[in-house]
Amino acid sequence: MRMYQIAVGVVAACLAVLLLALVFTLGYVSNDGNSLSAQERAQSNTGFTGDPSGDVDFGTLNEVVELLLRDYVNREQLDEQVLYQAAIKGMLDSLSDTGTYYVDPSTLLRRAASSGSFEGIGATVSQQNNEIVIIRPYPDSPAETAGIKPGDVILSVDGESTEGWSTDKAVLRIRGPKGSTVTVGVRHLDGSTAELAIERDEVLVDSISTAPPGGSLRDATGAEVTDIAYVRISEFGQRTPQEVEDALRDVESSGKTGLIIDVRVNPGGLLIETVDTADLFLDSGVILIEQDRDNNENTHRARSGGVATEIPIVVLADEFSASGAEVLAAALQDNGRATVIGETTYGKGTVNVPQPLDDGGALYVTIRHWLTPNGVQIDEVGITPDIYIAPGPLDPTYDPANDRQLAAAIAHLRGEQVASDPTPVPTPSANS
């Protein structure tokens, strides 16, 4: 995983569904309640036999626990509840789907305590090489004030090692009510380590910005760009469609000749708001297809009357663009409304719903996949850019001169020939 993406995290100033202050979503949690529909739940209550012959015996699990409790030499290390939760994790780890996961009761209580609030330490994260990595702390956030830096690896939370943790679990354990404290162990880029006690607070993050981190849009020569508009979407929240529409009306009235939509390091957010945002750029066509386990499809279509259906568009995307960012990129790409520049996106397109469990925890289950307008599955595939541009060198402070992808977008919108970089040798995806 190339660490320059940390610099792009500063460019994209993102997440939410990578936002410790909000919630990390590499898919979407269903908006329609905390459980499956009656029909879907009925379909799921079919019993599990493991194979057609029905020879799987889950009683063996109890037998293993009993033998450990009776014979294991380090008896003091045994905790039946821990063994039970490890067995659940093992089952779910066998699935190639990070959207289906178990949340233990204590972690779920943390989620409930902060539900509906935007409180935490204020940082975006990703999973790289099985480590939880800070993409960036938000300006003036508790994380930044405490010394959290782009590229920091989170080693522990309140003294507990993060080894083997999912990003979702890390987010749930780190965020919490305003005024409470969490201790985060980190490893900085220079190899030094630190234990940082961080007091959580409310973190306010606008879902869009009309200027890059440098303050003004500049081309590869450093000259200020006045003929092209720029909109960065950091996440898809309730206000995003209206915020984007307001920005687009300003673009339309300013006489700009092109538009850059930056969704780098954007983790997604709310489904309907993502669809409504894409709809602003389209007069017709398919935006997204949802497909369930029986291949039934629900198609989201654009309505006529979009506010920006003619202006040339470049969508900037990278390997941390996930979920809603991928939906938007694919909708504009497949409908011929935008050229996608950057890198192949993360590849996470699912709908996940929580199911309460008797132990007080919950099982989040993937119930639907997303397809692009052209019928290509997003999950574990991602969106391939029309023009592949590798990121520049690592620069945690962000220097516009190093932002090769942004420079390529400006050049393309000005009608200049922009060639793709050599495609790198594929590596395992971040969600594998």
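General remarks:
- Measure of compaction for region 316-370 (Cα Rg per 2.2 N^0.38 Å): 1.53
- Binned Cα-Cα distances of region 310-401, short to long, each 10 Å bin given as a whole percent: 16, 37, 25, 15, 6, 0
- Each distinct pair of alpha carbons in region 139-274 adds a 1/r term; the inverse of their mean, the Kirkwood radius, is 17.7 Å.
- Dividing the radius of gyration of the alpha carbons in region 265-305 by their Kirkwood radius gives 1.03 for Rg/Rh.
- Highest mean packing comes first when the peptides 331-338, 207-214 are listed by Cβ atoms within 10 Å, giving 331-338, 207-214.
- At full extension, residue 202 and residue 301 could sit 32.0 nm farther apart than now, given 0.36 nm per residue minus the alpha carbon distance.
- The modelled label-to-label distance for the pair residue 309/residue 363, using points 7 Å beyond Cα in the direction of Cβ, is 4.6 nm.
- Ascending count of other beta-carbon atoms within 10 Å, so fewest first, for 160, 131: 160, 131
- In plain terms, the chain from residue 381 to residue 227 could stretch by 52.0 nm, reckoned as 0.36 nm per residue minus the Cα-Cα distance.
- Inter-probe distance in nm under a simple model that places probes 7 Å from Cα toward Cβ, at residue 65 and residue 249: 6.0 nm
FYI, it's all coordinate maths here, none of it is from the lab. For clarity, every value in this text was computed on a predicted model and none was experimentally measured. Quick reminder, even Gly has a Cβ in these numbers, built from the backbone with ideal geometry, and neighbours come from all protein chains shown.
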